[in-house]
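Scroll down for the structure; my scribbles are underneath it.
The values are calculated or read from the model by the stated rules, or taken from the named source; none is laboratory data. Note that this is a predicted model, so its numbers are computed, not measured. Note that we place each Cβ from the backbone using ideal geometry, even for glycine, and neighbour counts take in every protein chain shown. These area figures cover heavy atoms from the full protein model, side chains too; ligands, DNA and RNA do not enter into them. Shrake-Rupley method; radii C 1.70, N 1.55, O 1.52, S 1.80 Å.
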Amino acid sequence: MVLDDVGEITRIDAGGMLGLIQRLADMTLEGWLAAADIPLPPRRPGVVVVAGLGGSGIGGDLLRALLAPYSPIPIVVVKDTRLPAFVGPETLLFASSYSGNTEETLALHGAARRSGAWIVAITSGGTLARRARAEGHPVVTVPAGLPPRAALPHLLMPMLRVTASLGLGGPTDSDVRATAALLRDLAGRLGPAVPVPENPAKRLASRLHGHVPVVYAATPTTAPVAYRWKTQLNENAKVFALWNAFPELSHNEVVGWEGVQAAGAPFVVILRDEDDGPRAAREVEAAKAVSLSRARGVEEVWSQGMGLLTRLMSLVLFGDFVSAYLAVLRGIDPTPIQRITEMKRRLQDGPEAR
Ligand code: F6R
């Protein structure tokens with residue numbers, strides 16, 4: 001079994017994605033510390049907007065889920081080339097682009113400058129860093145040389161630090177330390193050296209191998225994590241994958257399962273959390289009975305630890321490992337993402353994003 005052969009795992013994972021996944025705990029602390037001295041807007045904003053795509057946008061989705069239970073103001077994530085019309089001087093806008101060169105994010109950053117929003121750029125460099133510095137906007141500089149999706153904590157944690165300083169809720173210093181401790185422990189338990197029988201991430205990757213993964217969040221709170229699983233399965237394992245969240249999927253996708261044939265049936269992963277509540281638990285069981293009997297298999301993955309940040313990040317870490325192990329099973333290096341590069345190349349010489 002290739003997943004029990006550490007030498008073979010290392011050979012296939014030539015870009016070192018598994019090593020980066022194991023560093024998630026350290027990155028969480030580093031990202032939190034990186035924004036300690038970022039200048040804050042003079043008064044509390046009326047809305048927080050996160051502008052970012054792909055691996056640089058998922059931090060915004062997680063920020064929204066983490067602050068939703070506390071924040072008195074809306075958190076809006078924009079993955080577009082145009083900003084909503086409400087963006088203005090009362091907006092705090094995080095321009096999040098790991099490379100600093102993503103066309104859509106640069107267009108959003110330009111529009112935000114014109115709107116008078118308070119802008120914080122989060123980037124490793126590129127045009128975004130240059131433009132933000134030239135205009136005197138705060139810049140959180142993240143370490144260079146990483147695949148953007150592997151740098152998630154470097155992009156998420158500075159935003160959480162700024163929003164915490166503005167009294168919008170979210171994790172405290174000790175919550176962040178607890179998260180890092182849990183992630184470190186979990187990375188040890190799920191790492192490449194732990195053999196398949198004791199390693200639930202390797203076992204789940206083996207079960208998913210050869211089937212379309214469908215990742216369901218039991219509630220909207222874990223929805224961004226289900227989406228992270230899907231995108232990591234896309235980019236690391238290079239497989240087609242689907243995601244959705246309860247309760248919305250009970251109102252449409254459960255019917256779609258009628259069209260699923262035994263050959264080619266997807267494998268369902270359901271993300272569970274201690275805060276799901278009894279209604280979501282009943283709903284998951286109902287969906288299993290009504291529709292998911294058509295799946296190739298169903299497996300629940302539970303969050304771990306205490307506090308929402310820890311629990312969501314524990315699910316992120318688990319999914320990151322699963323995606324990388326599935327890549328290894330497929331004999332594919334998780335790191336290269338040629339088709340994204342090719343898309344950007346084809347678009348760069350055309351009309352600019354408006
Ligand atoms: C690459 C990745 C991509 C990028 C996206 C935006 O690892 O995950 O989804 O994040 O193409 O690029 P950046 O992050 O440089 O703004």
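Miscellaneous remarks
- Qualifying residue in region 101-119 (condition: in contact with a strand residue (DSSP E or B) (Cβ under 9 Å, 6 or more places away or on another chain), within 10 Å of the ligand (Cβ to nearest atom) and of a type outside the set (S, T, N, Q)): yes
- All positions within region 57-77 that are within 13 Å of the ligand (Cβ to nearest atom) and open to solvent by less than 10 Å² (accessible area, probe 1.4 Å): G57, I58, G59, G60
- When region 326-349 is limited to residues that are over 14 Å from E8 (Cβ atoms), out of contact with any Leu (no Cβ under 9 Å at 6 or more places or on another chain) and away from the ligand (no atom under 13 Å from the Cβ), the one that is most open to solvent (accessible area, probe 1.4 Å) turns out to be R346.
- Scanning region 1-37 for residues that are farther than 23 Å from G145 by Cα and in contact with a helix residue (DSSP H, G or I) (Cβ under 8 Å, 6 or more places away or on another chain) yields M1, V2, L3, D4, E8.
- Counting the residues of region 36-56 that are within 16 Å of the ligand (Cβ to nearest atom), aliphatic (A, V, I, L, M) and either open to solvent by 10 Å² or more (accessible area, probe 1.4 Å) or not assigned by TED's automatic domain parsing to the domain that holds P153 (or both) gives 1.
- Residue in region 284-294 that is of a type in the set (S, T, Y) and assigned to a helix (DSSP H, G or I) present: yes
Here's the yes/no breakdown for (1) outside any helix (DSSP H, G or I); (2) of a type in the set (S, T, N, Q); (3) crowded, with 23+ Cβ neighbours inside 10 Å:
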site	(1), (2), (3)
P84	yes, no, no
P89	yes, no, no
A95	yes, no, yes
G100	yes, no, yes
T105	no, yes, yes
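- The residues of region 155-164 that are more than 11 Å from the ligand (Cβ to nearest atom) and not small (G, A, S), listed by number, are L156, M157, P158, M159, L160, R161, V162, T163.
- Within region 238-253, the presence of a residue that is assigned to a helix (DSSP H, G or I), open to solvent by 30 Å² or more (accessible area, probe 1.4 Å) and closer than 18 Å to P334 by Cα is excluded.
- Flag for T179 being in a helix (DSSP H, G or I), open to solvent by less than 10 Å² (accessible area, probe 1.4 Å) and not assigned by TED's automatic domain parsing to the domain that holds G319: yes
- Number of residues in region 119-143 that are surrounded by fewer than 19 Cβ atoms within 10 Å (Cβ to Cβ) and within 22 Å of L62 (Cα to Cα): the value is 2.
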